[in-house]
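A short write-up of the structure that comes next.
The values are calculated or read from the model by the stated rules, or taken from the named source; none is laboratory data. Keep in mind it's a predicted model, so treat the numbers as computed, not measured. Positions of Cβ are backbone-derived with ideal geometry, glycine not excepted, and every protein chain shown enters the neighbour counts. The protein model used for the area step is the full one, side chains on, heavy atoms only, and it has no ligands, DNA or RNA in it. Shrake-Rupley method; radii C 1.70, N 1.55, O 1.52, S 1.80 Å.
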Amino acid sequence: MTVEEAIALVEQLLERGRLTKVQEIVFRQSWAGQTYLDMAVESDYDCGYIKDIGSELWRSLSQALGEKVTKNNLQGILKRTTQPQKDINASSTFQPFTSWGEAIDVSQFYGRTTELETLSQWIVRDACGGKQRARVVTLLGMGGIGKTALSVKLAEQLQGEFEYVIWRSLRHAPFFHNKVTDYIKILSHQQVNTLPASPHEQITCLIEYLRKSRCLLILDNFDTLLQQGTGCYREGYEPYGELLWRLGETQHQSCVLLTSREKPTEIAALEGDALPVRTLALLGLEVAAGQTILTLKGLSGSEEETRQLVECYRGNPLALKIAATSIRDLHEGNIANFFSEGTTVFKGIGNLLEQQFKRLSTLEQQVMYWLAINREKLSSTELQTAFTPTLPKPKLMSVLESLRWCSLIESNTGGFTQQPVVMEYVTDCLIEQVCQEIVTESPQYLLT
C-alpha cells in the first residue's frame, strides 16, 4: 500500500472529505516513520501542535475501525483493513508470511482450551477492546508440560491476525547476532543482509520492523540461554536480555512469545496482569485430555484408574506418554498392574526431571530435598528452620518463588509440597546422595 492509497482510505473511513494540510503532513511523515519532532522541524509548526493533530487523527481512526490506532501501528492496521476479514468472508485471500523453523506437528492436540483463549485475549482481542495489548508473553512451566505444542497451536490459530509468523527454537543456544539477522532478513524480504556490529543497534533495527508490520515471533526453549538456577544469562548471551527489556518497554504492534522452564529477570521485572508483558504459568492437562492420550497409547483401565494415572503425573503430557509406553511394554497396558508395583519414575521421566533438577541452584536443590524428606506440606516457617543456620526468610521466599515458576513445587494455604512423581524422583536422588556420602565419608551440608 502506498501513502497515497492510505490517505484515500483514511479519508473514506473518516467521511470528512480531504484531510487538512496539517493532518496530511502528520499522516505522510508518520507513514514514513518520522518522529513528531522531525515533522515540526520540517514544517515549521510547533511540536506540541503536531502531536495534538496526530493524537486527534489516531483517535478518529480508532473509532472508525473499532481498533486502537497509533502512530506506530498505523501501517499494519490499514494494510489489514484492505484485506477481506475472516469473519466476514471465509474465502479471504490474505495469507501471512509464515516461517515455522523446527516447529513440531500439532495435528493431534488435546485440551488447553482455556489457555488458548487467554493467550488470544492478551495478544489480539485486548487491543480491539481498547485495553493494553500484550507485547511480550512468556509460557512458563516444567519440562514436558506442553509449552512448545501450545506455542505452535496458538501460532496456527492466530496467524490470520499477523502479517508475519516466525517460530524459532533456541534449544541449541544460538548466538544473538545469528538469530536477529535471521528475523530481520525475513521481515525485510531479504533486503537487509548486513547489520550494525552493536547488539543495541541490531535490536533497534529489529524493533523498527516490528513497528512497521504486525509480527508474531515465537522463541522456544528460551531457558537454554540462562545460567542454571539464576534467571541471568550465560556469558555472551546478554543481548537477549536487552531484547526482552526493550520489547516490553517500547511501543510496537507485534508480539514476542517465549517458552521457558525458568523466568528471565527482565520478565519478572516488567510483567503485570494489565501490562504489555505477561506470563502464563502452564499447568498439566485436564483429566479428560490426559485420558485421551492414555487411550491412544493403548492402555486399558477403569475411569478411576486412568484418572488416577493422569493425576499422578499432574497431567504432564510428556510424562504421561512415557509412562503409558512403559506400562504397555512392562504390564501389557494394564494400569492396575502398574500401580501394584509402587513406582512411577521410569527412565524417560527420570531423564526429564534430571534435566530440570540439575539446572537448580544448590539452595533450590536443598529445599527440594527437605520437601521430599517431609512428604507432607511444609510452611515457609517450617522450611526456614530446617536449615542450620536458619535460612533468611527473603532468601527462602525467592527460592520458593523460583521453584513455583518452574512448576517443581505446589503451594496453597497449607504450605508447599511436590507432585508425587517429582517427590519420588527427588527421594531417589537423596538416597543416592546419602549412599555416596557413606562411601566417601564426606557428608554434605544438607545432612549435617
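Numbers below:
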read-out: Filter pass, residue 190 being out of contact with any Ser or Thr (no Cβ under 6 Å at 6 or more places or on another chain), in contact (Cβ under 8 Å) with a residue 24 or more places away in the chain and not small (Gly, Ala, Ser); value: no
read-out: Positions within the range 352-367 being surrounded by fewer than 18 Cβ atoms within 10 Å (Cβ to Cβ) and within 21 Å of the chain's Cα centre (by Cα), in sequence order; value: 355
read-out: Residues of the range 29-44 satisfying the condition of being aliphatic (A, V, I, L, M), within 38 Å of the chain's Cα centre (by Cα) and open to solvent by 50 Å² or more (accessible area, probe 1.4 Å); value: 32, 37
read-out: Residue in the range 85-97 that is open to solvent by 50 Å² or more (accessible area, probe 1.4 Å), modelled with pLDDT of 80 or more and either in contact with a Leu (Cβ under 8 Å, 6 or more places away or on another chain) or within 21 Å of residue 168 (Cα to Cα) (or both) present; value: yes
read-out: Out of 271, 235, sole residue that is within 26 Å of residue 119 (Cα to Cα) and either out of contact with any His (no Cβ under 8 Å at 6 or more places or on another chain) or not aliphatic (A, V, I, L, M) (or both); value: 271
read-out: The one condition in (1) under 21 Å from residue 433 (Cβ atoms); (2) in contact (Cβ under 8 Å) with a residue 40 or more places away in the chain; (3) not aliphatic (A, V, I, L, M) that residue 407 fails to fulfil; value: (1)
read-out: Residue count, the range 111-125 (criterion: within 14 Å of residue 161 (Cβ to Cβ), touching a residue at least 60 places away in the same chain (Cβ under 8 Å) and open to solvent by less than 20 Å² (accessible area, probe 1.4 Å)); value: 2
read-out: Single residue of the range 135-152 satisfying the filter (part of a helix (DSSP H, G or I) and of a type in the set (Val, Ile, Thr)) that is least open to solvent (accessible area, probe 1.4 Å); value: 152
read-out: Checklist (1) modelled with pLDDT under 80; (2) in a loop (DSSP other than H, G, I, E, B) applied to residue 109, failing item; value: (1)
read-out: Residues of the range 257-276 that turn out to be touching a strand residue (DSSP E or B) at 6+ places or on another chain (Cβ under 8 Å) and either surrounded by 23 or more Cβ atoms within 10 Å (Cβ to Cβ) or over 17 Å from residue 216 (Cα atoms) (or both), as a count; value: 12
read-out: Residue within the range 153-166 that is under 18 Å from residue 244 (Cβ atoms), touching a residue at least 40 places away in the same chain (Cβ under 8 Å) and assigned to a strand (DSSP E or B) present; value: yes
read-out: Unmet criterion (only one of (1) open to solvent by 60 Å² or more (accessible area, probe 1.4 Å); (2) at positive phi; (3) not aromatic (Phe, Trp, Tyr)) for residue 303; value: (2)
read-out: Any hit, the range 190-200, residues being within 24 Å of residue 114 (Cβ to Cβ) and in a helix (DSSP H, G or I); value: no
read-out: Sole exception among (1) β-branched (Val, Ile, Thr); (2) surrounded by fewer than 20 Cβ atoms within 10 Å (Cβ to Cβ); (3) not in a helix (DSSP H, G or I) for residue 204, by number; value: (3)
read-out: Checking residue 407 against (1) surrounded by 14 or more Cβ atoms within 10 Å (Cβ to Cβ); (2) farther than 23 Å from residue 431 by Cβ; (3) polar (S, T, N, Q); (4) over 23 Å from the mean Cα position of the chain (by Cα), the condition it does not meet; value: (4)
read-out: Matching residues, the range 352-379, being closer than 21 Å to residue 262 by Cβ and among the polar types (S, T, N, Q); value: 355, 356, 361, 362, 365, 366
read-out: Residue within the range 339-349 that is under 30 Å from residue 267 (Cα atoms), open to solvent by less than 50 Å² (accessible area, probe 1.4 Å) and not hydroxyl-bearing (Ser, Thr, Tyr) present; value: yes
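For (1) under 20 Å from residue 143 (Cβ atoms); (2) at pLDDT 90 or above, each residue gets a yes or a no:
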| residue | (1), (2) |
| --- | --- |
| 209 | no, yes |
| 221 | yes, yes |
| 247 | no, yes |
| 284 | yes, no |
